Amino acid sequence: MPVALLPATRPRLPRGVRLRRDASRGWLLLAPETVFEANHSAAEILALCDGQHTLAEVVDALAPRHGGNRARIREDAERLIGALHQKRLLDL
């Protein structure tokens, strides 16, 4: 079941989950027995999922880098965060 994300939601990587750059595979989200390959856009979102930034702040930080389309960025961030939360790779 999809979770509703509010602008004040502060996503973070759970204990034991790390975002790393691999020279051959690119960005990886590493967890025990799980590897999620992240594209550049996903890695930008995940780098801000530190428990300090709200979803609204993530969107605000990424908007200038991606043409300012906040609605599209929010939609993409919500989709990624929701999917990774369901896989227990992000805490809310």
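Can you list the HN-Hα couplings for region 12-29, worked out from phi with the Karplus curve (6.51, -1.76, 1.60; θ = phi - 60°), rounded to whole Hz and with x for Gly and Pro?
With coefficients 6.51, -1.76 and 1.60, one gets 8, 6, x, 4, x, 10, 9, 9, 9, 9, 9, 4, 9, 9, x, 7, 10, 9 Hz.
Quick one: go through region 42-76 and flag any residue whose amide nitrogen is under 19 Å from the point 7 Å out along the Cα-to-Cβ line of Ala8.
50-60
For the chain, what does -39500 (n - 2.57) per DSSP helix run (n ≥ 4), summed and divided by total residues, give at 222 nm, in deg cm²/dmol to the nearest 500?
Value at 222 nm, helices only: -11000 deg cm²/dmol.
So if we plug the beta-carbon distance of Arg70 and Ala23 into 1/(1 + (r/R0)^6) with R0 = 35 Å, what FRET efficiency do we get, rounded to 0.05?
Efficiency at R0 = 35 Å is approximately 0.60.
Which ³J(HN,Hα) values, rounded to whole Hz and listed in residue order, are derived for region 84-92 from phi using the Karplus coefficients 6.51, -1.76 and 1.60 in 6.51 cos²θ - 1.76 cosθ + 1.60 with θ = phi - 60°, glycine and proline given as x?
Those phi angles translate into 6, 5, 4, 8, 6, 9, 9, 9, 10 Hz.
State the extension gain, in nm to one decimal, for the chain segment bounded by Arg79 and Leu30, taking 0.36 nm per residue of separation less the distance between their alpha-carbons.
So the extension gain works out to 15.7 nm.
Identify which of the listed values of Kirkwood radius over Cα pairs in Å was calculated from the structure shown: [x] 22.1; [y] 13.3; [z] 14.4.
[y]
Loop only per DSSP, at most 15 neighbouring Cβ atoms within 10 Å: give me the trypsin sites (Lys or Arg not before Pro) in region 2-92, ordered by residue number.
Those that pass, being in a loop and sparsely packed, are Arg15, Arg25, Lys87, Arg88.
For the chain, what is the charge dipole size about the Cα centre, in debye to the nearest 20, if Lys and Arg each add +1 at the Cβ and Asp and Glu each add -1 at the Cβ?
100 debye
Using the number of other C-beta atoms within 10 angstrom as an exposure proxy, rank Thr54, Thr34, Thr9 with the fewest first.
Thr34, Thr54, Thr9
Every read-out reported here was derived from the displayed coordinates using simple, explicitly stated rules and does not represent laboratory data. Everything quoted here is computed from the prediction, not taken from an experiment. Counting neighbours? That spans all protein chains shown, and the Cβs are built from the backbone with ideal geometry, glycine included.
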